[in-house]
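For reference, the structure discussed in these notes is given below.
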Amino acid sequence: MNSIEIDQNDIFLNAKSLKPEYRILDIGGGGEGIISKLYNRQVVAIDISEDELVEIEKEKSLKIIMDATNLFFIDNQFDKVTAFYSFMYMKDRQIEKAISEAVRVLKPAGEIEIWDVEMPSINEIEEDIFIAQVKVSFNNTFVTTGYGVKLRPKKRSFEFYKDIILDKNLEIIDYSLNKSSHFHFLLRKESWFSKV
């Protein structure tokens, strides 16, 4: 197997001061556990892999083995849902379902924040493994890591994600797409469509 590695994405995160009752659902929250490191006890980190959650056992977040496409939470429960390079590991249909479930468990006017990367299809290039390097700076420290996945038959573009987002009646509050194909969305539930 051959791999393609794209340029590192430098991400700067600042933990906001949140009310004690504020709850964040972090999809695919195992592994590096960036959101758990930022917000500690205010995070419910879910991951389909127990091994990934074991990696963040020292963090103070609540950790639950759970499939993001079938959340065992009641409606309108979380103030925010995050997905930090988690969707790249899902199939197209799983991404749609995970976003639908995120909207369902999100409180009205709650936010969804997504960090991820565009990926070519396996038919476009010779390589079959895709690796995205990321450096995340927060709380006077940083984490450097790579996210690798097998390429899929269909291209994963910024437009692919935008179409899903608009289909779920989410308002795009902010977005970015950099030259190395990493992107970020900040979304709000139950608002009018915005144009990108």
Item checked: In range of the label at residue 137: residues from region 9-49 whose backbone nitrogen is under 14 Å from the point 7 Å along Cα→Cβ -> 9-15
Item checked: Cleavage-rule hits (chymotrypsin sites (Phe, Trp or Tyr not before Pro)) in region 3-93: DSSP loop, at most 11 neighbouring Cβ within 10 angstrom -> 72
Checklist line | Above-threshold pairs, the threshold being 28 Å between Cα atoms, out of 91/135; 60/91; 16/135; 16/107; 80/135 | finding: 60/91
Next item on the list: Tell me, rounded to the nearest percent, the portion of alpha carbon pairs in region 86-140 spaced more than 17 Å apart.
Entry: 56
Notebook entry, point to check: Going by how many other beta carbons lie within 10 Å of each one, how would you line up 141, 82, 69, fewest first?
Noted result: 141, 69, 82
Checklist line | Only Lys, Arg (+1) and Asp, Glu (-1) charged, at Cβ; the chain dipole about Cα centre in debye | finding: 600
Note to self: So if I take the centroid of the Cα atoms in region 1-79 and the same for region 147-190, what is the distance between those two points in Å?
What the structure shows: 18
Note to self: Can you compute the equivalent ellipsoid semi-axes for region 1-103, i.e. the square root of 5 times each eigenvalue of the Cα gyration tensor, sorted largest first and rounded to whole Å?
What the structure shows: 22, 18, 14
Checklist line | Antiparallel content of DSSP bridges confined to the chain, in %, to 5 | finding: 50
Notebook entry, point to check: What is the sum of charges around residue 46, taking Lys and Arg as +1, Asp and Glu as -1, for the other residues whose C-beta is under 11 Å from the C-beta of residue 46?
Noted result: -4
Margin query: To make sure I understand, if each residue's beta carbon is the centre and we count other beta carbons within 10 Å, what order do 81, 103 fall in, fewest to most?
Written below: 103, 81
Note to self: Given Cα positions, please report Rg to Rh for the chain, the hydrodynamic radius being the Kirkwood one.
What the structure shows: 0.94
Check: Do the sum for the chain: with -39,500 (n - 2.57) for every DSSP H run of n ≥ 4, divided by all residues, what is the mean residue ellipticity at 222 nm, to the nearest 500 deg cm²/dmol?
Finding: -5000 deg cm²/dmol
Item checked: Computed label-point distance, nm, for sites residue 107 and residue 16 using a 7 Å Cα→Cβ extension -> 1.2
Check: For region 111-196, which GluC sites (Glu not before Pro) are both in a DSSP coil and crowded by at most 11 other Cβ atoms within 10 Å?
Finding: 124, 126
Notebook entry, point to check: Of the trypsin sites (Lys or Arg not before Pro) in region 42-120, which ones lie in a loop per DSSP and count no more than 10 other C-beta atoms within 10 Å?
Noted result: 58
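Values in this text are rule-based calculations from the coordinates and carry no lab data. Model, not experiment: these values are computed from the prediction. Using ideal geometry, Cβ is built from the backbone for each residue, glycine included, and neighbour counts are taken over all protein chains shown.
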